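Have a look at the structure below before the remarks.
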């Protein structure tokens, strides 16, 4: 069976995944379940812990890859809510700017640890939780 091609021509990736890669349980689930399931359904996924080149300029790589991705899926975890990782914060800021400025960009927020907006210090994520736009 031939897989469907989802990636729009102007994008290199269908999905960019942002998550706290210090969360071992979530990282294993991503590598062994989530990413393979997306690939099986024909989506081209960029997952930084797996796909980022060793020795690259991380900030530049994040910017370029999000620019070339149609959708960003961000996983909110308790560890991220307590201590905002600078790289995840950068990913979210770039994704947010693309979301509000480019009509066909998608930003999907997955509330992995089922947090309330009061549990989160960062205003952008609080907005998503308050608006009810998190899965």
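No lab work stands behind these numbers, since they all come straight from the coordinates. Treat the numbers as computed from the prediction; the structure is a model and nothing was measured. Note that we place each Cβ from the backbone using ideal geometry, even for glycine, and neighbour counts take in every protein chain shown.
Run the numbers for residue 93 and residue 67: contour at 0.36 nm per residue of separation, minus the present Cα-Cα distance, in nm. Working shown, then result.
Working: separation 26, 0.36 × 26 = 9.36 nm, distance 1.21 nm.
Full extension of this stretch gives 8.1 nm more.
Distance between the 7 Å Cα→Cβ label points at residue 12 and residue 100: 2.7 nm.
Cut-off 10 angstrom, C-alpha nodes, Gaussian network model of the chain. Which of 42, 22, 55 fluctuates the most? With Cα springs under 10 Å in the chain, the top fluctuation among 42, 22, 55 is at 55.
One equal scatterer on each Cα of the stretch 52-98, no solvent, Debye formula: the resulting log10 I(q)/I(0) at q = 0.27, 0.28, 0.30 Å⁻¹ is -1.08, -1.11, -1.17.
Distance from the alpha carbon centroid of the stretch 47-71 to that of the stretch 88-120 works out to 16 angstrom. The mean sequence separation of alpha-carbon pairs under 8 Å and at least six residues apart, normalised by the residue count of the chain, gives a relative contact order of 26 percent. Per the Cα gyration tensor, the stretch 40-135 maps to an equivalent ellipsoid with semi-axes of 22, 16, 13 Å, ordered largest to smallest.
Per residue and in Å³, how big is the convex hull formed by the alpha-carbon atoms of the stretch 24-77?
Details: hull volume 5.4 nm³, N = 54.
Hull volume over Cα atoms, normalised by residue count, gives 100 Å³.
Dividing the summed -39500 (n - 2.57) terms of all DSSP H runs of n ≥ 4 by the residue count of the chain sets its mean residue ellipticity at 222 nm at -11000 deg cm²/dmol.
For residue 82 and residue 44 in one chain, what is 0.36 nm times their gap in residues minus the Cα-Cα distance, to one decimal in nm?
Details: separation 38, 0.36 × 38 = 13.68 nm, distance 3.09 nm.
Length gained between residue 82 and residue 44: 10.6 nm.
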